[in-house]
Amino acid sequence: MSGIAAAGRPLRADARRNYDKILAAATEVFAEQGAHASLDHIADIAGVGPGTLYRHFPTRNDLIAAAIDTSWSDLAQRGSELDDAADPLTALRDWLLGLAQHSGIYGGLAECIAPAFAGETSPFRPTCDSSVAVTETLLARAQAAGLIRQDVKASDLVVIANSLAWATDHNGASTRDLPRLLDLMVMGLA
């Protein structure tokens, strides 16, 4: 939505302020409490009623997708930069690590995103499609250099990166374990 009303018109100034307050509160609360935090609590922190929150963000996933938009944009930019890296295997590994870290930015986020990877309609679908496209580019370079098996698909790698985020979120592991786990996975792809 990002400043545009459902009818395609720009938001009124007061509606835009409410939208921004909700996003700021959501970003803070999701970071502290995870993706399953109370939306009523987010509305309280933002100083708006639940109806205002739901007018801007009809579902929890709509709000989460908006809250991670900036971090996703930063990650996508990093993916573009990695396309020019000298070592295609390191570039792919760094991208997948960033993707796994992004999927774990909020506790429970990886499981919210997972249905979009399975092709379901979701506000995360554009992000998932974009992550597969960046992964395809980086994977193709690593495969062309003979560093990754030819039967590996980009969509598999994206699902695995998301799964690593989910696993660290659910098995008591720390996000500090992600690089080691990712290195084990990449070694298996060579």
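When only the heavy atoms of the protein chains count and the probe is 1.4 Å, how do ARG149, ARG12 rank by accessible area, highest first? Don't skip to the answer; put the middle values down first.
Values: ARG149 110, ARG12 160 Å².
The ordering from most to least exposed comes out as ARG12, ARG149.
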Note to self: What are the extents of the Cα atoms of segment 11-154 along their three principal axes, in Å, largest first?
What the structure shows: 56, 27, 26
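In deg cm²/dmol and to the nearest 500, what is the mean residue ellipticity at 222 nm of the chain if only DSSP H runs of at least 4 residues count, each as -39500 (n - 2.57), divided by the residue total?
Working: 10 runs with 132 residues, N = 190.
Estimated from H runs of four or more residues: -22000 deg cm²/dmol.
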Note to self: Using a probe radius of 1.4 Å on heavy atoms only, what accessible surface per residue do you get for segment 62-119? Whole Å² is fine.
What the structure shows: 39 Å²
Next item on the list: Over the chain, with every protein chain in place, what whole percent of the accessible area is carbon and sulfur at 1.4 Å, could you tell me?
Entry: 52 percent
Next item on the list: Just need the relative contact order of the chain here, percent rounded to a whole number, with Cα pairs under 8 Å and 6+ apart.
Entry: 21 percent
Margin query: At 1.4 Å probe size, put LYS21, LYS153 in order of accessible surface, largest to smallest.
Written below: LYS153, LYS21
Notebook entry, point to check: When the Karplus curve 6.51 cos²θ - 1.76 cosθ + 1.60 is applied with θ = phi - 60°, which whole-Hz ³J(HN,Hα) does each residue of segment 85-96 get, with x for Gly and Pro?
Noted result: 5, 5, 9, x, 6, 5, 4, 4, 4, 5, 5, 5
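The values are calculated or read from the model by the stated rules, or taken from the named source; none is laboratory data. This is a predicted model, so every value here is computed, not measured. Just the protein is used for accessible areas: all its heavy atoms, side chains included, with ligands, DNA and RNA removed. Shrake-Rupley method; radii C 1.70, N 1.55, O 1.52, S 1.80 Å.
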